[in-house]
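These notes are about the structure you will find just below.
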Amino acid sequence: MIDLDLRRERYKELGQLQKLQEVEGHWTKVRRVELTTEAATALWAFGSDTVRDLAARWITASDADNVAEMRQIALEFRAAVRRELQDPTQG
C-alpha cells in the first residue's frame, strides 16, 4: 500500500492525470481502504515495535500530505522489513 500511495503521489506531482486515473480505476478508494485496514491489522498483530512505529508515522505523514516524509518512511520501512526477515531471531 505504501508503494501504491507513493505512485499516486508521484503521478499527481508530475501531472500525469491519465496514469493517476488508471491506478485509481483499478485500486478504488474502497479497495485501498480495505487493503490498508488488512495491512494495518496484520502489522499491529504481528509486526515488531519498529514496524508499528513506522506505520504510525506513515499515517501521520499521509494524513498531512507530507510526501517527503512518506518517502523517507517508505525507505525506513523497507530496510526494517529486510532486517527482520533476515534475522533468525525474529518471528
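For THR50, state whether it is touching a residue at least 12 places away in the same chain (Cβ under 8 Å) and in a helix (DSSP H, G or I). Criteria met by THR50. Do you know which of the residues in the range 67-88 that are over 13 Å from the mean Cα position of the chain (by Cα) and not hydrophobic (A, V, I, L, M, F, W, C) is modelled with the lowest pLDDT? Looking at residues that are over 13 Å from the mean Cα position of the chain (by Cα) and not hydrophobic (A, V, I, L, M, F, W, C), I get PRO88. For THR89, the conditions (1) of a type in the set (S, T, N, Q); (2) open to solvent by less than 100 Å² (accessible area, probe 1.4 Å); (3) outside any helix (DSSP H, G or I) are fulfilled apart from (2). Scanning the range 1-46 for residues that are of a type in the set (Asp, Glu) and open to solvent by less than 90 Å² (accessible area, probe 1.4 Å) turns up ASP3, ASP5, GLU9, GLU24. Taking every residue in the range 15-43 that is over 15 Å from TRP58 (Cα atoms) and modelled with pLDDT of 95 or more and pairing it with any residue that is part of a helix (DSSP H, G or I) and hydroxyl-bearing (Ser, Thr, Tyr), at least 6 positions away or on another chain, the pairs with Cβ-Cβ distances below 6 Å are LYS19/TYR11; LEU20/TYR11.
Among the residues of the range 27-46, the one identified as in contact with a helix residue (DSSP H, G or I) (Cβ under 7 Å, 6 or more places away or on another chain) and outside any helix (DSSP H, G or I) is TRP27.
Could you please let me know if THR60 is out of contact with any Asp or Glu (no Cβ under 7 Å at 6 or more places or on another chain), part of a helix (DSSP H, G or I), among the polar types (S, T, N, Q) and free of Cβ contacts under 8 Å to residues at least 24 places away in the same chain?
Yes: the conditions hold for THR60.
The values are calculated or read from the model by the stated rules, or taken from the named source; none is laboratory data. As the structure is a computational prediction, the values presented were derived from the model and not from experiment. Positions of Cβ are backbone-derived with ideal geometry, glycine not excepted, and every protein chain shown enters the neighbour counts. Surface areas here come from the heavy atoms of the whole protein model, side chains and all, with no ligands, DNA or RNA. Shrake-Rupley method; radii C 1.70, N 1.55, O 1.52, S 1.80 Å.
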